[in-house]
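Below: one structure, written as structure tokens.
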Amino acid sequence: MDGRYNGTGQPHLKKQPRGTIIGDGRPPFRRLEGPYPEKSTQLMGIMALFVSSGLLFIISGITVVTTVLGLICFAPIIIITSPIWVPFAILLSLVVAGVLSLCVFGLVAAAVVDLLVVQVLMKRLRLLAYEELFERNQKIGASREF
């Protein structure tokens, strides 16, 4: 015996490696990289992800660099003109806070008016519905009396 006999009466067959499709003796038609081969659309998606993330990284780097350089270049001008900018910034922030406060107070007033109108209208509608129901019951009761 040459060592191929496994005791079941059949010769021992050599297993083919996983991931290959065997044809008729020619080279393998295609090799699979794993149990789930990557499709070309997945590959294109990954490539697009790498390209777009790389571009965004470059753009964000350029933005940070230009911001720092702009601050370095304009810092002396900003410091020299700060007696003008600080009061202007305070005044501007007070104006913005006032306008926002007026907007909020206007919204609250509109909500209160709407709530009151709805409450008054609903009360009137309820009273009308009760009166109508009462009158209908009176008519039904009057028609039943002999």
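Quick rundown of the values:
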{"item": "Span per principal axis, largest first, for the Cα atoms of the stretch 28-140 (Å)", "result": "93, 75, 14"}
{"item": "Carbon plus sulfur fraction of accessible area for the stretch 43-136, probe 1.4 Å, in percent", "result": "85"}
{"item": "Three-way shape call for the stretch 45-87 based on the alpha-carbon gyration tensor, with the a/c threshold at 1.5", "result": "prolate"}
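The values are calculated or read from the model by the stated rules, or taken from the named source; none is laboratory data. Every value quoted in this text rests on a predicted model; they were computed, and no experiment measured them. Keep in mind that these areas ignore ligands, DNA and RNA; they rest on the heavy atoms of the full protein, side chains included. Shrake-Rupley method; radii C 1.70, N 1.55, O 1.52, S 1.80 Å.
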